[in-house]
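Following: one structure in structure tokens, then a few remarks.
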Amino acid sequence: MKLWEYKDYDEYVKVQTEGNLQKLKNVWAYQGVFDKIAEHKPYAKDIICHGTRNGAELDMFKKAIPSLYYIVGTEISHTANQFPNTIQHDFHEQIDSFVNKFDIVYSNSIDHSYNPYKALKTWTDQLNQKGLLCIELATGAENKMRELDPLEIYPKELVKIMEEEFSFVNIAFHTIQRPNRTNSSLGVFKR
């Protein structure tokens, strides 16, 4: 695991917001990921997605899990207000009403974390007792520490952190073959 160091929190927010503005119309999410998550939790009612940029993940979850009751996305940029069911929020920070609430906590943005342990603590606390934490990791050249993507982490490292630091069990790691050749790995964890 490698982690980019910012001079301070304000620099982190500035870099993430500028990156969001530059990529606002881009969609990295892929429907196959959400269909795979639905195989693990087909009747999920409450879902949170962290780092949603333009909210595409929310629509993909709705398609994959029709029983969905409540879904919310978080995005650090002020652009969050442009998208339905999305709030402006730093995913490292806890919202009290989200603790023990969600059947699924999902993110494909852990690579945007300046402190992965803090983010993972927040996310695991948001799961209800039977909830699943689903983390999608970029693979190949996309998994590289840089200013916009400060965390470089590999599946084995994530599994070790989840097991040793958070006492979660990895129930699956899926390789996701995308049509655009940007592949990823999806880790699914439970208590």
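The values are calculated or read from the model by the stated rules, or taken from the named source; none is laboratory data. Please read all numbers here as calculations on a predicted model, not as lab measurements. Here the Cβ is made from the backbone with ideal geometry for all residues, glycine too, and neighbour counts use every protein chain on show. Side chains included, ligands, DNA and RNA excluded: accessible areas come from the protein's heavy atoms. Shrake-Rupley method; radii C 1.70, N 1.55, O 1.52, S 1.80 Å.
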In a solvent-free Debye calculation with one equal scatterer on each Cα, what is log10 I(q)/I(0) for the range 143-191 at q = 0.15 Å⁻¹, listed in the order of the q values? -0.49
Determine the share of the range 14-164's accessible area contributed by carbon and sulfur atoms, expressed in whole percent, with a 1.4 angstrom probe. 51 percent
Residue span S167 to K63: 0.36 nm per residue of separation minus Cα-Cα distance leaves a gain in nm of 34.3 nm
Kirkwood Rh and Cα Rg combined as Rg/Rh, the range 19-66: 1.01
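What does the accessible area per residue of the range 63-176 come to in Å², with a 1.4 Å probe and no ligands, DNA or RNA counted? If you can, show how the numbers build up before the last one.
Working: 5180 Å² over 114 residues.
With all protein chains present, the range 63-176 gives 45 Å² per residue.
Based solely on its DSSP helices, what 222 nm [θ] is calculated for the chain when runs of n ≥ 4 H residues each add -39,500 (n - 2.57) and the sum is averaged over all residues, nearest 500 deg cm²/dmol? Mind showing how you got there, number by number?
Details: 5 runs with 56 residues, N = 191.
Mean residue ellipticity at 222 nm (helix-derived): -9000 deg cm²/dmol.
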Between Y154 and T182, what is the spin-label point distance in nm, taking each point 7 Å from the Cα along the Cα→C-beta axis? 2.3 nm
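Give the dimensionless ratio obtained when the Cα radius of gyration of the range 73-118 is divided by 2.2 N^0.38 Å.
Scaled against compact globular proteins, the figure is 1.18.
Counting other Cβ atoms within 10 Å, which chymotrypsin sites (Phe, Trp or Tyr not before Pro) in the range 65-115 have at most 14 and lie in a DSSP loop?
Values: sites: Y69, Y70, F91, F98, F102, Y106, Y114; in loops: Y69, F91, Y114.
Qualifying residues, ordered by number: Y69.
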Relative compactness, the range 1-149, computed as alpha-carbon Rg over 2.2 N^0.38 Å: 0.99
Going by Cα centres, the range 108-176 and the range 1-61 are how many Å apart? 12 Å
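Whats the longest run of the chain with zero GluC sites (Glu not before Pro) that are DSSP loop and have at most 15 other Cβ atoms within 10 Å? Don't skip to the answer; put the middle values down first.
On the way: sites that count: E5, E93, E147.
My reading of the result: 6-92 is the longest stretch.
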Under 5 Å from the placed amide H of A172, counting only residues 5+ away or on other chains, we find V188
Report Rg(Cα)/(2.2 N^0.38 Å) for the range 1-89, keeping two decimals. 1.21
Which of the trypsin sites (Lys or Arg not before Pro) found in the range 1-31 are in a DSSP loop and have at most 12 neighbouring Cβ atoms, other than their own, within 10 Å? K7, K25
Determine the dipole magnitude for the chain: charges of +1 sit on the beta-carbon of Lys and Arg, -1 on that of Asp and Glu, nothing else is charged, the reference point is the Cα centre, and the result goes in debye to the nearest 20. 620 debye
Cα Rg, Dmax (largest Cα-Cα span) when computed across the range 64-191, Å: 14.6, 39
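For the range 92-176, which trypsin sites (Lys or Arg not before Pro) pass both filters: DSSP loop (anything but H, G, I, E, B) and at most 15 other C-beta atoms within 10 Å? If you can, show how the numbers build up before the last one.
Details: sites: K101, K118, K121, K130, K144, R146, K156, K160; in loops: K101, K144, R146.
Answer in residue order: K144, R146.
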Sum up the lysine pairs in the range 95-191 that clear both bars: alpha-carbon distance under 17 Å and a spacing of 8 or more or different chains. 11
